[in-house]
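Student: Here it is: the structure, laid out below.
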Amino acid sequence: MTDRLVLHEYASSGNCYKVRLTAACVGAHLERREYDIAKGDTRTPHFLTNVNANGRIPVLQVGDRFIPESNAACYFLADGTNLIPTDPFDHADMLRWMFWEQYSHEPNIATLRFWMRFLGPDNLTDVQRIQMPAKRKAGNEALKLMDDHLAGREWFVASTMSLADIVLFAYTHLAGEADFNLGQYPRVQQWIDRIKGQPRYLAMDA
């Protein structure tokens with residue numbers, strides 16, 4: 001990979017972290033540019049015109065081109081590596097978990113983490129307070145599904161770590177910050193430890 005890689009990010013975001021972790025696992029060097037989303041850094045005319053018209057991060061810059069959406073950026077970085085299965089079924093199964101993460105996992109666990117850690121319980125709107133029980137229920141359902149899937153296996157797809165594991169790991173290992181009790185999901189905890197034990201593992205605050 002010869003193009004210069006720049007990650008436009010907010011370092012405390014799990015979606016941004018998963019891109020950094022993927023890069024670390026495949027040995028790709030990223031330059032990092034930090035944006036303060038609380039100050040509206042991703043809503044400026046410059047950002048909207050030159051980085052992402054959707055006003056969101058992460059965005060992976062590849063030379064003079066840009067890849068929004070965290071899982072798309074991860075896929076780009078991992079393409080051609082052992083993080084992406086070559087077997088067609090396993091490849092599709094990896095994509096299934098990546099889509100599920102953005103649809104059923106991240107909107108609940110990540111959202112509650114943001115509300116509780118960054119906004120604070122006392123600063124939530126009435127609408128957010130109303131939504132909290134449903135999001136907590138859906139988040140626990142997602143964690144249980146993961147725990148059940150890991151029965152008798154070490155990784156989410158096939159027999160080795162894949163991109164599915166990385167994208168699921170990002171917010172799962174932070175679920176305690178949203179007051180999810182990971183102790184209820186022992187297989188998920190063991191899987192978290194396996195990922196942390198990988199040779200190229202990169203901690204979120206590294």
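Student: Does at least one position in the range 8-27 carry a residue that is of a type outside the set (Val, Ile, Thr), open to solvent by 40 Å² or more (accessible area, probe 1.4 Å), more than 25 Å from residue 168 (Cα to Cα) and over 17 Å from the mean Cα position of the chain (by Cα)?
Tutor: no
Student: Exactly one of (1) part of a helix (DSSP H, G or I); (2) loosely packed, with under 14 Cβ neighbours inside 10 Å is unmet by residue 147. Its number?
Tutor: (2)
The values are calculated or read from the model by the stated rules, or taken from the named source; none is laboratory data. Every value quoted in this text rests on a predicted model; they were computed, and no experiment measured them. FYI the Cβ positions are ideal-geometry reconstructions off the backbone, even for glycines, and counts take in every protein chain you see. The area values use the complete protein model at the heavy-atom level, side chains included, leaving out ligands, DNA and RNA. Shrake-Rupley method; radii C 1.70, N 1.55, O 1.52, S 1.80 Å.
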